[in-house]
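Accompanying notes for the structure given below.
The values are calculated or read from the model by the stated rules, or taken from the named source; none is laboratory data. No experiment lies behind these values; they were computed from the predicted model shown. A quick note on method: Cβ atoms are made from the backbone with ideal geometry, for glycine too, and the neighbour counts reach across all protein chains shown. The accessibility values were calculated without ligands, DNA or RNA, using every heavy atom of the protein model including side chains. Shrake-Rupley method; radii C 1.70, N 1.55, O 1.52, S 1.80 Å.
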Amino acid sequence: MTENPQPTADELRILAELENKVLWLASWTIHHANHLRENDDGVKVGGHQASSASLATIMTALYFRILRPQDRVAVKPHASPIYHAIQYLLGRQTRQKLEAFRGYKGAQSYPSRTKDLGDVDFSTGSVGLGVAQTLFSSLVQDYVRAHGWGLERPEGRMIALVGDAELDEGNIFEAILEGWKQGLRNCWWIIDYNRQSLDAVIREGLWARYEALFKAFGWDVVILKYGSLLNEAFREPGGERLREWIDNCPNQLYSALVFQGGAAWRRRLNDEIGDQGPVTRLIEARSDDELARLMTNLAGHDLPALLDAFGTVDHDRPICFICYTIKGFALPFAGHKDNHAGLMTPAQTESLRAVMNIRPGHEWEKFEGLSTAPAKLQRFLDGVPFAAADRRHRTARIAVPAELPVTMQPVMSTQAGFGALLNELGRGESEIADRVVTTSPDVTVSTNLGAWVNRRGLFARERMVDTFKSERIPSTFHWDFSPKGQHIELGIAEMNLFILLSALGLSHAINGERLIPIGTLYDPFIQRGLDALNYACYQDARFILAATPSGITLAPEGGAHQSIATPLIGLAQDGLAAFEPAFVDELATILAFAFDYIQREDPGEASERNWLRDETGGSVYLRLSTRPIEQIKRAMSSELSQAIVDGAYWLRRPGPNCQVVVAYSGAVAPEAIQAVGLMAEDRRDVGLLAVTSADRLNAGWTAAQRARERGLVHARSHIEKLIADVPSHCGIVSVLDGHPATLAWLGAVQGHRVRPLGVEHFGQTGSIPELYRHYGIDANAIVAAAATLTPGRPIRHLKALP
Ligand SMILES: Cc1ncc(C[n+]2csc(CCOP(=O)(O)OP(=O)(O)O)c2C)c(N)n1
Ligand SMILES: [Mg+2]
């Protein structure tokens, strides 16, 4: 290995000093936040001191020596104080932010791509997700390079620092399986094997399960157990006996002895193996302190061992390092099973101060208490390879056509329209088409991506022909795998879909190559991967999600697949603009918008046109349906397309004496249209509002209200403008195939009474008419609601409800 030659003794000395410094700064950051900062509410803010200390040595080795700028790291959430301390030493974090750790606009409790200063690669916090994201980021790196992009840049390693209990999260194993299928490379997972979780000491021998498991999926496994002091001791007479004792020592006992210290180690060792000649001499030759240092000398706290293990890797196979560590290493509660939320007392911090040689008032100084000359330390830090470049790429936008062509059928579903739109896109030649990458968890065909995949092929690093095609067996799908393919076929795990979308959707920042990711899945299964979707949005990854079929409208698919909560997810999920179009021309408009929207990154203020933060962009969720409905023949004016994107337009404008407005979203459009027709003779000037995005409509309204409260009295949102002239006595019946609360708020905009229709219970199978009747979202139910809500003569077309 030429890249990471063995460190010199001098470098080792500096790294050891930095390790102490990192531990001190992290400890002081936590101490400051909990004991020194003015605290409004008197509540301790915590800081996971023990969990953080666990990784101090490993992260020192990585950040100050092993990592290269192109490497990307997901840091275990609770190692945040250590991470921030390292960034501070590298000049990428400020003292001010450290002083405000866990406070308003301070360094974040868990490393955050969006909320911390610029150098966090992957946000973490919900354990397991950041880990899996490194795996998918490796796959995305391979995808980008296989397409010939970014080859001028060196390949990076995707590295996760993983808590041992973090491996309880099932999504990690789903990811490992997918990684194996896709030929994962350049991925390191470094397990902080401290044998403690939040509540518990972990099961004996877990490492052996991990080892077998990772090996089964083609990973190399490197177990880093003992540090150099212990290894040397094992070579002394009696050393083997000592090794045997430690190997057989239960995790609980080991932890307890770590906590108790040297005298306790001596007592216990003497009790159990003390009468065995040489090993007694080995023990007795050491003072209590020396014995404690020896017995806690695990490889995860041994810099030379770590540097050697990481620095000598000369291949790109995925590696799982199992690093034995001690939770809270070098701190007074090291090893104690209750230490997860443990905070050092001021007196304990003072003891650490003494050990670290820090003068009062000099706590934040980078080189305080170190014996190497400051200039030399600074020179070392200036030469740290990882910090040599600005690591986050800025990437130009890809041009998006104003309109997307689509072949319309007179009767068509939005899902079919989605397939047709992508088919057209795939047929043409454009940069945007080349940058689109689609993916689906085993529902490619059933979400209508088949035609696109026929045109653009499946991605794999190695070519694989479609045997059905080569054998000339007729099939609708010709699916060859190649490095140029643009569809990533996933197994069924929806968590993997969202984490892959998150990785694809950060490619512009991580690989410097922009992708336009589109993922498809069945709408109900959004909930299966919801935390991963939330995590993708939190990281500001950019992608389009097409969820179909949805609602109870998927009737023949059965009750188990009906989704009713997803429109509320669309409404509430930050960073995700949700649309539920009814007609394919609406979808074409929304998709063209989405291609542009997912590329926007201006930090600017919200536009005063609709009060949405459109300039900042985000991801897009399309809730689509398999229900074929009659399309409206119309020209798409720019006014209409703007209204569709803003969230609603009048399909039938209400007259001045309007008594009823029907506001609908999505696949129930025919019922809404029909209901308006049925009421026309008995209620005056009925209006029909097509809601294409309850989410954007609601967000604009909320933002405009906030603006008015700040004194911008003329602020008006799209929905306020739309219904400004609807008389106050008018009632609104809202309806969608989803939870009624999605549109119920419409009444609060101008004080209209609302009867929100929708689906609250689910599970019944049947045809669409049967189910719409059963759940009360058919034309009859809309008319009945209108009749009850608004005074007037009986509506003659109202049938008796079943
Ligand atoms: C999805 C999720 N569930 C629960 C938590 C709460 N939690 C935080 S840390 C932790 C245990 C962590 O143990 P481990 O990964 O071994 O890290 P250590 O503290 O030992 O370093 C738990 C349950 C979380 N952050 N995310
Ligand atoms: Mg642990």
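Normalised by 2.2 N^0.38 Å, where N is the number of residues, the C-alpha radius of gyration of the chain stands at 1.10.
Counting only protein chain heavy atoms and rolling a 1.4 Å probe, the accessible areas of Val144, Val355 rank, largest first, as Val355, Val144. In the chain, the longest principal axis of the Cα atoms and the axis of helix 414-427 are about 70 degrees apart. Spread over its residues, the convex hull of the C-alpha atoms of segment 528-658 is 145 Å³ per residue.
Among all stretches of the chain without exposed GluC sites (Glu not before Pro) (DSSP loop, at most 14 other Cβ atoms within 10 Å), which one is longest? Before the final figure, lay out each step's value.
Working: sites that count: Glu3, Glu38, Glu152, Glu204, Glu403, Glu429, Glu462, Glu471, Glu605, Glu608, Glu681, Glu760.
So the longest stretch without any such site is 205-402.
Annotation for segment 558-608 versus segment 716-793: alpha-carbon center distance of 21 Å. The stretch between Arg653 and Arg203 holds 155.3 nm of extra length on full extension. This uses 0.36 nm per residue minus the Cα-Cα distance.
Annotation: amide H of Ala160 within the under-5 Å range of Ala74, Trp188, Trp189, Ile190, sequence separation 5 or more or interchain, hydrogens built in the peptide plane. With each label modelled as a point 7 angstrom along the Cα→C-beta vector, the Ala572-Lys484 pair spans 4.7 nm.
7 Å from Cα along Cα→Cβ at both Lys115 and Leu12: what's the point-to-point distance in nm? For the pair Lys115/Leu12, the computed spacing is 4.1 nm. Bridgeable aspartates and glutamates around Lys215 (alpha carbons under 20 Å apart, same-chain partners fewer than 8 residues away excluded): Asp164, Glu166, Asp168, Glu169, Glu174, Glu178, Asp192, Glu204, Asp314, Asp316. Electrostatic tally near Arg145: other residues with Cβ closer than 13 Å to its Cβ, Lys and Arg +1, Asp and Glu -1, net -1. Cα extents for segment 680-802 along the principal axes, largest to smallest and rounded to whole angstrom: 51, 36, 17. Largest first, the residues His393, His714, His729, His508 sort by 1.4 Å accessible area into His714, His729, His393, His508.
What is the calculated FRET efficiency for Glu429 to Arg472, with r their C-beta to C-beta distance and R₀ = 35 Å, to the nearest 0.05?
Numbers: r = 29 Å, r/R0 = 0.82.
Here the calculated transfer efficiency is 0.75.
Rounded to the nearest 500, the helix-only mean residue ellipticity at 222 nm of the chain stands at -11500 deg cm²/dmol, with each DSSP H run of n ≥ 4 adding -39,500 (n - 2.57). The trypsin sites (Lys or Arg not before Pro) of segment 170-261 that meet both conditions, a loop assignment by DSSP and at most 11 other Cβ atoms within 10 Å of the site Cβ, are Arg203. Stretched out straight at 0.36 nm per residue, the stretch from Arg37 to Ser728 would grow longer than its current Cα-Cα span by 243.5 nm. For the chain, a simple Cβ point-charge model (Lys and Arg +1, Asp and Glu -1, everything else neutral) yields a dipole of about 1180 debye relative to the Cα centre.
The residue list Gly687, Trp701, Leu25 was ranked by how far each Cα lies along the charge dipole of the chain toward its positive end, using unit charges on Cβ atoms, and Gly687 comes out on top.
Multiplying the residue separation of Ala216 and Lys181 by 0.36 nm and subtracting their alpha-carbon distance yields 11.4 nm. Relative to the longest principal axis of the Cα atoms of the chain, helix 346-356 runs at roughly 60 degrees.
Among the trypsin sites (Lys or Arg not before Pro) in segment 697-792, those placed in a DSSP loop whose Cβ has at most 11 other Cβ atoms within 10 Å are Arg710. Applying 1/(1 + (r/R0)^6) with R0 = 25 Å to the Cβ-Cβ distance of Asp316 and His393, what FRET efficiency is obtained, to the nearest 0.05? Here the calculated transfer efficiency is 0.70.
Applying 1/(1 + (r/R0)^6) with R0 = 22 Å to the Cβ-Cβ distance of Gln260 and Ser228 gives a FRET efficiency near 0.40. Applying the criteria of a DSSP loop state and at most 15 other Cβ atoms within 10 Å to the trypsin sites (Lys or Arg not before Pro) of segment 626-655 yields Lys633, Arg634. With respect to the chain, whose longest principal axis is taken over its alpha-carbon atoms, helix 239-248 is tilted by about 30°.
Give me the net charge for the shell around Ile564: Cβ to Cβ below 11 angstrom, other residues only, Lys and Arg +1, Asp and Glu -1. Spelling it out: positives minus negatives among the neighbours equals -3.
From zero up to wherever the largest Cα-Cα distance of segment 1-153 sits, split into 5 Å bins and tell me the percent of pairs in each. With a bin width of 5 Å, the distribution comes to 2, 9, 17, 19, 18, 14, 10, 6, 3, 1, 1, 0.
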